[in-house]
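**Q** Input: one structure, supplied below.
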Amino acid sequence: MSLPQTRRLLDIMIRLRDPETGCPWDIEQTFETIAPYTIEEAYEVADAIEQKDMASLRDELGDLLLQVVYHTRIAEEAGLFSFDDVAAGIADKMVRRHPHVFGDKQVDDAEAQTRNWEEQKAAERREKARGNDEPESALDGVARTLPGLLRAQKLTKRAARVGFDWPHVSQVFDQLDEETAELQAEIDVDQPVHDRLEDELGDMLFVMANLARKLDVDPEQAARRANAKFERRFRRVEQLLRDQNRSCEEASLAEMDELWRVAKTEERAVAAPDTILAKRTGT
């Protein structure tokens, strides 16, 4: 974005938030009320990338940028910080975390740069902890509002860096078996307590996120793939029923389950040639 367009966007937000001539809805917004929209826009950016829809990506990035402008305008009105302060802060951080580009430090490869990046982040967290007069923790800086599985993966990754980790994947499976048994025990009681069920299921999901980390799999991406797979197959079940002039409500569970197997078989048959080609070409 050119500087004139940046200034134009900032000026638009100033007018929208003007107490006398602005938009009533925009004037009422706060950090807290806007935060859910910020999260939503970030997800829509990710969705456009996943769909490889570059026109949508351009639009969604604009919507996400608007969220930054919104928050910084609210902050500026409160005398906290401005858009320029935010831009300067991230610019300074990028320079600080890339001494091999903006300084004299040498790195051999991307892996070495990743280590340097993490070391710099750790140093920044230590400095922040000292400034807040709080004891330092390896878990500092992991945002509490991250999606649950992603946060669980980041927490276990941080703990692993200081040696709190199972050496082998098999041990994670052992823990998963233990958590599954504990959940089953809560389910089997005469009157299951919801909080206990939530607690045990949470433990199970936490171990699953840790397993994903050990396997170098993004748990959120894995869940998105599973969601997409379910959606494709269920939509196919609906279509197969429409071909029979029927709806899901008119079909039995056994009938839908059989059509689900049909959809699954069809999907695998389509994927099979690509798999064979990949094996032959080594891709």
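**Q** Do we have any residue at all in the stretch 212-228 that's surrounded by 17 or more Cβ atoms within 10 Å (Cβ to Cβ) and more than 24 Å from the chain's Cα centre (by Cα)?
**A** No, the stretch 212-228 has no match at all.
**Q** Looking for whichever is surrounded by 13 or more Cβ atoms within 10 Å (Cβ to Cβ), in a helix (DSSP H, G or I) and at pLDDT below 90 here; the options are Gln153, Gln113. Which one fits?
**A** Among Gln153, Gln113, only Gln113 is surrounded by 13 or more Cβ atoms within 10 Å (Cβ to Cβ), in a helix (DSSP H, G or I) and at pLDDT below 90.
**Q** Which condition number does Gln51 fail, the rest of (1) within 20 Å of Ala143 (Cβ to Cβ); (2) under 19 Å from the mean Cα position of the chain (by Cα); (3) exposed (fewer than 12 other Cβ atoms within 10 Å of the Cβ) being met?
**A** That leaves (1) as the condition not met.
Residues checked against (1) outside any helix (DSSP H, G or I); (2) more than 16 Å from Gln153 (Cβ to Cβ); (3) in contact with a helix residue (DSSP H, G or I) (Cβ under 6 Å, 6 or more places away or on another chain); (4) of a type in the set (Lys, Arg):
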site: Gln191; (1), (2), (3), (4): yes, yes, no, no
site: Met204; (1), (2), (3), (4): no, no, yes, no
site: Ala209; (1), (2), (3), (4): no, no, yes, no
site: Gln221; (1), (2), (3), (4): no, no, no, no
site: Val237; (1), (2), (3), (4): no, yes, yes, no
site: Asn245; (1), (2), (3), (4): yes, yes, no, no
site: Ala254; (1), (2), (3), (4): no, yes, no, no
site: Thr265; (1), (2), (3), (4): no, yes, no, no
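**Q** Among the residues of the stretch 1-45, count how many are under 19 Å from Gly79 (Cα atoms) and among the acidic types (Asp, Glu).
**A** Total satisfying the criteria: 5.
**Q** Do we find that Ala78 is closer than 26 Å to Leu150 by Cβ and among the small types (Gly, Ala, Ser) in this structure?
**A** No; evaluated as a whole, the condition is false for this residue.
**Q** Hey, another quick one. How many residues does the stretch 41-88 contain that are farther than 14 Å from Thr30 by Cα, free of Cβ contacts under 8 Å to residues at least 40 places away in the same chain, touching a helix residue (DSSP H, G or I) at 6+ places or on another chain (Cβ under 7 Å) and in a helix (DSSP H, G or I)?
**A** Result for the stretch 41-88: 13.
**Q** May I pose another question? Going through the stretch 167-210 one residue at a time, which ones are without any contact (Cβ under 8 Å) to a residue 24 or more places away in the chain and of a type in the set (S, T, N, Q)?
**A** Selection gives Ser170, Gln171, Gln184, Gln191.
The values are calculated or read from the model by the stated rules, or taken from the named source; none is laboratory data. All figures in this text were calculated on a predicted structure; none of them were measured in a lab. So basically every Cβ, Gly included, is an ideal-geometry build from the backbone, and we count neighbours across all protein chains shown.
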